[in-house]
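Below: one structure, written as structure tokens.
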Amino acid sequence: MLSPEQVATAVQTIDQLSGWLENAGLSNAAIAQFKFNALAAMHPELKEVAELAKSLIGATHSLPEEGMSVTELAAVLTENLTVKIKPEQVNTALAKLGYQEKNDEKRIWVITEAGCEHGISLLASSKTNKWQGPQLKWYRSVIPILEDYFQQAGNSTDNVEQKNGSSPESETNNYNSSNGNSSSNKSSNKANAKSKKAWTIAERLKEKGIKSNPEQIQLIQSFADDYYQAKHGTTPPKLTNRRIPVSSYPGDESMELIDRAIDTVFNPKKKSD
């Protein structure tokens with residue numbers, strides 16, 4: 001039989017390790033499971049007691065959806081959006097959406113309070129080495145949110161690449177550099193921008209070099225829609241290949257209209273002045 005001192009020492013060690021897991025964002029149920037697994041590993045004679053405790057946890061805490069890794073999410077998004085989405089792009093999107101944060105010191109992703117609605121932090125072990133640590137798994141509920149995120153980015157090459165592994169922007173840059181005529185091509189790009197038949201908010205933001213998030217793009221679009229309707233007496237046309245409505249503003253004068261909406265969101269003082 002173990003002495004009370006031995007049990008106290010084991011529990012103290014396990015509690016210290018559990019604190020690290022708590023900081024990594026693991027759920028209370030997952031941490032409790034770890035504690036009993038660790039106790040049984042340190043003292044096999046307590047395995048039966050630990051299993052009884054774990055069964056009680058399982059009975060009172062229903063198992064959540066297994067969830068998907070960012071690699072699995074990237075594969076689903078690539079299939080649904082018909083463009084190549086990489087796991088690192090998914091991680092960036094989840095961070096910008098406020099669902100996870102990067103712990104640079106420990107080099108891990110930590111789930112946020114908002115992210116807990118769409119995912120869970122679990123204790124994972126490597127099959128190839130002795131590594132053990134937190135791993136974020138994401139429920140299917142996050143998929144439409146990520147789809148909207150990438151689509152609201154206006155298919156920008158910062159977030160989405162084509163399946164052939166290159167983006168339209170990189171292909172243009174490669175063409176320019178191969179022809180050794182970058183300055184004339186820049187002038188040509190400006191001329192093409194002015195003669196563009198229709199604009200989306202994301203395209204105009206990219207043209208102006210303004211960084212934005214999906215919420216800001218949606219807000220700018222709502223203002224631009226109002227300005228367009230006030231000027232033309234009708235709502236602007238919508239792109240038909242999007243899961244959520246994306247306005248397309250035709251005509252050269254649309255640039256002025258969109259810029260006004262951008263100023264309304266990013267420079268509210270300028271509008272009031």
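Observations, loosely collected:
- Just one of the listed residues (Thr172, Thr234, Thr240, Thr200) is surrounded by fewer than 13 Cβ atoms within 10 Å (Cβ to Cβ), closer than 24 Å to Leu81 by Cβ and either modelled with pLDDT under 60 or not assigned by TED's automatic domain parsing to the domain that holds Leu81 (or both), namely Thr240.
- Residue tally, condition modelled with pLDDT of 75 or more and either outside any helix (DSSP H, G or I) or closer than 15 Å to Leu122 by Cβ (or both), over region 1-27: 2
- Some residue of region 120-127 being at pLDDT 85 or above, surrounded by fewer than 18 Cβ atoms within 10 Å (Cβ to Cβ) and of a type in the set (Lys, Arg): no
- Test: residue in region 156-167 that is of a type in the set (Lys, Arg) and modelled with pLDDT under 60: yes
The values are calculated or read from the model by the stated rules, or taken from the named source; none is laboratory data. Being a predicted model, the structure only gives us computed values, none of them experimental. When we count neighbours, we look across all protein chains shown, and the Cβ atoms used for this are built from the backbone with ideal geometry, even at glycine.
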